[in-house]
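Before any comments, here is the structure.
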Amino acid sequence: MAVVLARLKLALQIGGARASGLGIVVFALAWALGILGGLVGGFLVAALDSGASPFGDLLVLLLFVAVFGAWLVLPIATPVPTSNIIDPAVLEQYPLSRAQQVGGLLLGGLVSPTAAATFLTAAGGVAAINAGPAERAVAVGGAVLFTVLCVASSSAVRSLFAEALSARRGRDVAVALSTLVIVALYVVPHLLRPLLGAAEDAGTILVTILTWTPPGAAAALGYVLAGGDVVGALARAGVVVASIAVALLLWSVALRLHVRGHSVRAVASGGRRSAAGLALVPLVLRGMRTGPTLAAASQHLRYYFFRAPRAAQFVVLGPVVGVMFAGTQVHSTGLVFAAAVGAVAMGASALLNLFGFDGRGVELTVQTGGSLASVLRGKILAVSLFLVPAVALLTIGLGLATGFADQIPLALVSALAALALSFAVGAACSAWNPYDQEAPQGDRSTISVRMLSAFALSFALVYGVGWLATWVQPVVPVEIVLGLGLVLAALAAVVSTRASGAFLDRNAGRLLAAFTPR
């Protein structure tokens, strides 16, 4: 039964790819890139293992830890549609034991481009120079264990994270956890940089510590055995196997809790407030005229700050991602360009799928017969109420922190222009590529490619304007270039919003189909 479930999962993936020409291209390209990336990673591991130096061993261990960390982080930190998966809600319909469910999903997860890349990278020790037959066999076994560890741990995290989102306190914890993970991704490399500088001379302690972590133990099996420490190699293999068992157990627990309904949302208590204290229109919107635009803006703000955990995750992660993008650019390109990059990163995260949190509410919205263009304008207004101040604070704070205070006025202009471009791209993408953020319908790989393409377009426009400003700077003052860019970006945002709204009004059935289960 586990094999049948694995085949079902693969059939869903292949069937989704065949749904469109783009899906087939994405499916083939994903496998090609996975294999190519795995071969590159395996070549790097083989080169480092061939050097037989403590520093090379440290880099291999850090590579394994980084790959394992990516598997753990992605289900938490990327609220975007992933490849077709069978979630716990669907598994309720099958008369399978928990071992069959977990085993089937694990087998299906191992047959994927990402898992193939992981295995090929981890198996790089097979091609190391001067490795004997025993070391090569151990490298293959360690790669298999490492791949299973990554898939099982990632699936367990995904299931536990989804389970946490079904309870209010769990949602708060999950959003906070995802924020801490993103911050750690930015801070940890800066902390490790001086450590790696000293590791070339005295890194044996760090190497020893890493070899006892689950990913490091899988990486260290070969050279620990090559050093004659058979007991140490067996102990590290035990660490990996035990970690896989723990991940599978947590995965099984998450499935069991979901099926038994132990995580249902708490019902309202008897001491609820009166209706007078539950005004649906936030205070910041009270002066607007009553209509679809006001209703949509009010509803969208409540998604971000009260109701939808995924939406709250966007609000929290957006500034963090903006700081990461801008912080890596400011010292090399200056505050003006860095602020624009940070602004487009913040804007793209919240604008590319404005209908994504409506869920089945889209059906009611379409059935009312109201103007979807007004709904789109309301959602854009809601996002702008926190994005514009956030971008301004990012620009001012980054300028003061890095000593570029004199560039703050121009940086504000460039940041607002970049944000306006994000609004233009976001309005078009939301109308062209809407999907249910919680449970995407259709071919999710195609949805992801379209969304990432829109994200890339936003960055390409910013980089294009930055290149143009540098090219014409000897002739035209940068103030004029940025001012003209802001005007054109604002005009593009207005035109895109109007055109996208008209497209939605003409194709309301298309929006409805994107949110209708089938």
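The values are calculated or read from the model by the stated rules, or taken from the named source; none is laboratory data. Not measured: the values here are computed from a predicted model. Note that each Cβ is placed from the backbone with ideal geometry, even for glycine, and that neighbours are counted across all protein chains shown. Ligands, DNA and RNA are stripped out before the accessible areas are found, and what is left, the full protein with its side chains, is counted by its heavy atoms. Shrake-Rupley method; radii C 1.70, N 1.55, O 1.52, S 1.80 Å.
Figure note: Arg360, Arg7, Arg136 ranked by solvent-accessible area, largest first, 1.4 Å probe, ligands and nucleic acids not counted: Arg7, Arg360, Arg136. A 1.4 Å probe run over region 456-518, with the rest of the protein chains in place, finds 62 Å² accessible per residue. Between Leu44 and Thr208, the simple spin-label model (points 7 angstrom out along Cα→Cβ) gives 2.8 nm.
Peptides 495-504, 428-437 ranked from most to least packed by the mean count of surrounding Cβ atoms within 10 Å: 428-437, 495-504. All other residues whose Cβ lies under 15 angstrom from that of Thr211 are scored, Lys and Arg at +1 and Asp and Glu at -1, for a net of -2.
Placing R0 at 30 angstrom, the Cβ-Cβ distance between Val65 and Ala32 gives a FRET efficiency of 0.65 after rounding to 0.05.
If you sort Phe55, Phe459 by accessible surface, 1.4 Å probe, largest first, the order is Phe55, Phe459.
Ranked by the mean number of other Cβ atoms within 10 Å per residue, highest first, peptides 240-248, 508-516, 142-150, 475-483 order as 142-150, 240-248, 508-516, 475-483.
Within region 25-66, name every residue whose backbone N is under 15 Å away from a label modeled 7 Å from Cα of Ala127 along the Cβ vector. Under cut-off, by backbone N: 34-51.
Ranked by accessible surface with a 1.4 Å probe, highest first, in what order do Thr290, Thr114 come?
Values: Thr290 125, Thr114 80 Å².
Ranked from most to least accessible, the order is Thr290, Thr114.
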